[in-house]
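See structure below.
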Amino acid sequence: DAGITQSPRHKVTETGTPVTLRCHQTENHRYMYWYRQDPGHGLRLIHYSYGVKDTDKGEVSDGYSVSRSKTEDFLLTLESATSSQTSVYFCAISESKRTSGSKNEQFFGPGTRLTVL
Amino acid sequence: GQSLEQPSEVTAVEGAIVQINCTYQTSGFYGLSWYQQHDGGAPTFLSYNALDGLEETGRFSSFLSRSDSYGYLLLQELQMKDSASYFCAVRRTGRRALTFGSGTRLQVQP
């Protein structure tokens with residue numbers, strides 16, 4: 001299994017408070033992603049990173065920011081949490097391969113269940 | 001833009017065969033992937049079709065037809081442990097991240 005950990009695994013917070021979720025990998029993979037998963041919506045991309053200090057927005061990036069100061073760590077920050085951000089958050093990683101050889105394979109962390117009251 | 005449509009739920013009995021369909025609308029993509037997710041767990045990669053046709057991996061097979069904008073995952077000799085959610089996903093041309101369908105919940109009954 002790919003070495004991906006997420007912390008915390010569970011968090012309950014109040015509306016308006018800042019929250020930071022951490023994703024740590026030991027695989028030295030170039031690409032890292034943050035998804036959120038909600039019933040009926042599958043997995044939706046929040047932000048992703050294609051290298052240290054290189055990040056880009058996904059389809060549901062409003063209200064979220066990310067940072068990647070080291071290859072192994074990708075942080076997701078909710079500056080001011082809202083109830084609509086109650087969700088399960090998954091971090092994923094993938095290798096850097098030639099497009100034609102890629103299997104579109106991403107390895108997922110165990111997830112963080114966030115509840116915003 | 002792009003969207004992937006899957007049935008929300010499928011029920012089958014142990015030992016049977018089940019097919020989970022995925023239809024998509026996208027302007028261009030590298031291939032179609034399938035992921036499995038058990039309740040409370042993380043998604044795990046199952047299969048990938050870069051080209052049209054059938055890919056087989058043990059009891060699981062996946063099919064892609066670009067001309068029909070359609071793919072499916074076929075699970076044979078169903079086991080209780082196959083009860084999970086299954087997601088199709090594509091990577092749009094020029095992008096690295098995946099776009100996932102909303103998932104199909106498979107319930108295998110004894």
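Just so it is clear, none of the values below were taken in a lab; they were calculated from the coordinates. None of the values given here were measured: they were computed from a predicted structure. Here the Cβ positions follow ideal geometry from the backbone for every residue, glycine too, while neighbour counts run over all protein chains shown.
With contacts taken as Cα pairs under 8 Å and at least 6 residues apart, chain B reaches a relative contact order of 36 percent.
Could you please rank A:Glu72, B:Glu56, placing first whichever residue has the fewest other Cβ atoms within 10 Å of its Cβ?
Values: A:Glu72 18, B:Glu56 12.
Least to most surrounded, the residues fall as B:Glu56, A:Glu72.
Neighbouring Cβ atoms from other chains, within 10 Å of the Cβ of residues in B:29-40, number 3 on average. Each of B:Gln25 and A:Thr17 was given a label point 7 Å from its Cα along the Cα-to-Cβ line. The distance between the two points is 4.2 nm. Between A:Lys57 and A:Asn28, the C-beta separation translates, for a Förster distance of 25 Å, into a calculated FRET efficiency of about 0.55.
By the count of other C-beta atoms within 10 Å, a proxy for reagent exposure, A:Met32, B:Met80 are ordered fewest to most as B:Met80, A:Met32.
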